[in-house]
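Okay, structure first, notes after.
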Amino acid sequence: GVPMTTSGLAFDADGVAYISTLVGDIWRVTGLDRGLAAVTWTRYASGISLPLGLEMVDGVLYVLGEGGITRLHDYNKDGEADYYERFTKMAMQLGGRGAENQNLERDAAGNFYACGIKGIVRISPDGTKLEVISAGARNPLGLGVRPDGLALSDSSEGAPNNGTCTIYESNHPENEKSVSRLKRILYLPRGVDNSPGSRLFMDDPSFGPLGESIIGTSYGSGRLYHIMRAPNHGTPQAAMMLLPM
């Protein structure tokens, strides 16, 4: 009888999944093997306001919520969080009501990333420093972060200065001299995507030609597409191709 309005997903080193829901619960899901014969759902935590991003770091679950990032500790190893620790030392006001902190990603240096209508924010590995590293956007839903810290977010259609949905970049050495407006690299046709989700920087040879690509996900149409990005001498640009899924 619990509404599973899922809003975040992370895995630990053993393949156990952690799934957040909009009502504020975090679920721990075991048994996710090839046969799926003994899948078990256990509520790991509850009472978190708008958990919209999860990251597992050294066996500890980090949850991005309305007021910032919370670190959940299971000290007695019983599959339920015992202690909710505030990780970010300052509030993360990235947007107005209904457009708060979205998604949670990390780079190779351990920095965290989230997005909101004020832009992409980078949080230091210890949670003490927050820095906005992009222009603002209209109702962004997701991120993609390359290991070196290049972040791709989105802007939904609807505002007069935005038009159709767009993919745009954070500030980065590859685009510091860009002449593109707001560092946008791609406008998405409405028939393809009317509300972008996250981007995935792939690093898996089992996906063949897509193993090192950028995959875009669509919240609005449920589609996946291949994003082909070129640095283009300092003004990055991209094209996209729908994937047959």
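Read-outs: derived from the displayed coordinates by stated rules, not from any lab. For clarity, every value in this text was computed on a predicted model and none was experimentally measured. In this analysis, Cβ positions are derived from the backbone assuming ideal geometry, glycine residues included, and neighbour counts consider all displayed protein chains.
Percentage of Cα-Cα pair distances in segment 193-245 greater than 17 Å, rounded to whole percent?
39
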Rg/Rh ratio calculated on Cα atoms of segment 1-89 (Kirkwood radius): 0.95
Rough spin-label spacing in nm, given labels placed 7 Å along Cα→Cβ, for Ala230 and Thr164: 1.9
Among Val39, Pro205, Gly222, whose Cα projects farthest towards the positive end of the dipole of the chain, with charges put on the beta-carbon of Lys, Arg (+1) and Asp, Glu (-1)? Gly222
Which aspartates and glutamates does Lys77 reach when only Cα atoms under 16 Å apart count, and residues fewer than 8 places away in its own chain are ignored? Asp12, Asp14, Asp58
Descending semi-axes in Å of the chain, equivalent ellipsoid built from Cα gyration tensor: 30, 21, 17
Total charge dipole magnitude, the chain, about the Cα centre, Cβ charges on Lys, Arg, Asp, Glu only, Debye to nearest 20: 900
Please give the contour-minus-distance gain from Met202 to Val57: 0.36 nm per residue of separation, less the Cα-Cα distance, rounded to one decimal in nm. 50.3 nm
Full-stretch length increase - Asn76, Leu242 - with 0.36 nm per residue and alpha-carbon distance subtracted: 55.1 nm
Return the whole-Å distance between the Cα centroid of segment 9-61 and the Cα centroid of segment 174-226. 26
What distance in nm separates the simple spin-label points at Leu32 and Ala108, each placed 7 Å from Cα in the Cβ direction? 2.6
Pseudo-spin-label distance Arg43 to Arg190, built 7 Å along Cα→Cβ, given in nm, is 4.2
Below 8 Å between Cα atoms, with a sequence gap of 6+, how large is the relative contact order for the chain in percent? 9
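Need one word for segment 100-212: rounded, prolate or oblate. Basis is the Cα gyration tensor (sqrt eigenvalues a ≥ b ≥ c); a/c below 1.5 gives rounded, then a/b vs b/c decides.
Verdict is oblate for segment 100-212.
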